[in-house]
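S.K.: Below are the structure tokens for one structure; questions will follow.
Readers should treat all values here as calculations from the given coordinates under stated rules, not as data from a laboratory. Fair warning: this is a prediction, and the values are worked out from it, not measured in the lab. For neighbour counting, all protein chains shown are included, and Cβ atoms are generated from backbone atoms with ideal geometry for every residue, glycine included.
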Amino acid sequence: MCRHLAYLGPAVPLATVLIDPPHGLYRQSWAPRMQQHGTVNADGFGIGWYAPGDPVPARYRRSVPMWSDPSVLDLARVTSSPAVLAAVRCATTGTAGGEAAAAPFSSGPWLFSHNGAMDGWPQAADKLPVRAGDLLAMEALVDSAFLWAMVAERLRAGAAPGAALAATIEAVQAAGVTGRFNFLLADGHSIAATACGDSLWYRADSQSVTVASEPDDEDASWTPVPERHVLTATLSDLDIRPLPAGGSGPEGPGVIPPGSRVPPRGNTDATEGIPI
Ligand code: GLN
């Protein structure tokens, strides 16, 4: 399993989010604390971040372990952002290597990461409908890139972020494809994430929200997301609700049972949960 993290809040150096925390993503590349599949995340890494006023994120991805990259510490020290999504990779057997296979994957304003594996890759993909053009546009022959094509298709069709993630998992499982599907999606203003087979945590206050595979420090405010749930968050709201039951029910954006919404935070006067 890879480890991934997304941050929204005041602009801070990337190092504040990724490198400085005692158990941050940088350290998780060699010493994750909650990883159940794989031991180290040495098969590459990627950082995606948004610059204020520019809707399209920048990415820095490498095929080497994060700890061995001579440039990442300098880059993270001098680059600040209010919205970040990053991942360290432990490649699934049978998937491609290299920089292009490292999350985050991207399209327009979106950044996407997958922590998990599609069982039976690549043959299992036979059961899943993806348009030929989207297949040919895949950044790498990796289960995560394939799943990203499914998510992106739903986003392009107008699904809200959380609904696109949930509908993709529902479609995959309805087709009889098993695996672990912790997804993480960002657009610079919101984060959506699923807990489906591995750990997922969040920490939120009036200023910022962080969603991660595992806590990066001992702060008591880290909260686990229950298994088979989808989280959506902005700076003013955070919503957690169940994923549709595995393998049953109609597929489609928005087919999500009512969920529990964490009360709005900070100085917001929001009264509605963000649509997922
Ligand atoms: N299957 C994905 C990959 O190979 C994610 C791997 C993981 O979560 N360890 O990159």
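S.K.: Which three semi-axes in whole Å describe the equivalent ellipsoid of the range 74-167, each the square root of 5 times a Cα gyration tensor eigenvalue, listed largest first?
M.R.: 23, 18, 11
S.K.: Please arrange ARG3, ARG154, ARG228 by counting, for each residue, the other beta carbons lying within 10 Å of its beta carbon, fewest first.
M.R.: ARG228, ARG154, ARG3
S.K.: Also: Of VAL211, VAL225, VAL84, VAL12, how do they rank once you tally other Cβ atoms within 10 Å and put the fewest first?
M.R.: Neighbour counts put them in this order, fewest first: VAL12, VAL225, VAL211, VAL84.
S.K.: I want to verify a result. In a Gaussian network model of the chain, Cα cutoff 10 Å, which of these has the top mean-square fluctuation: GLN123, GLN28, GLN173?
M.R.: Per the Cα network of the chain with a 10 Å cutoff, GLN123 tops the list.
S.K.: When Lys and Arg each count +1 and Asp and Glu each count -1, what net charge do the other residues less than 9 Å away from TRP222, Cβ to Cβ, add up to?
M.R.: The answer is -4.
S.K.: Distance between the C-alpha centers of the range 132-198 and the range 19-93? Whole Å please.
M.R.: Value for the Cα centre distance between the two parts: 20 Å.
S.K.: If you don't mind, there's one more thing I want to ask. For the chain, take the convex hull of the Cα atoms, compute a quarter of its surface area, and give me that in nm², please.
M.R.: 13.2
S.K.: So for the chain, averaging the separation of alpha carbon pairs under 8 Å that are six or more residues apart and normalising by length, what relative contact order in percent results?
M.R.: Relative CO of the chain lands at 19 percent.
S.K.: What is the order of CYS90, CYS2, fewest Cβ neighbours within 10 Å to most?
M.R.: Listed from fewest to most nearby Cβ atoms, that is CYS90, CYS2.
S.K.: Using only the alpha carbons, work out the radius of gyration and Dmax of the range 107-218 in angstrom.
M.R.: Radius of gyration, then largest Cα-Cα span, for the range 107-218: 14.3, 46 Å.
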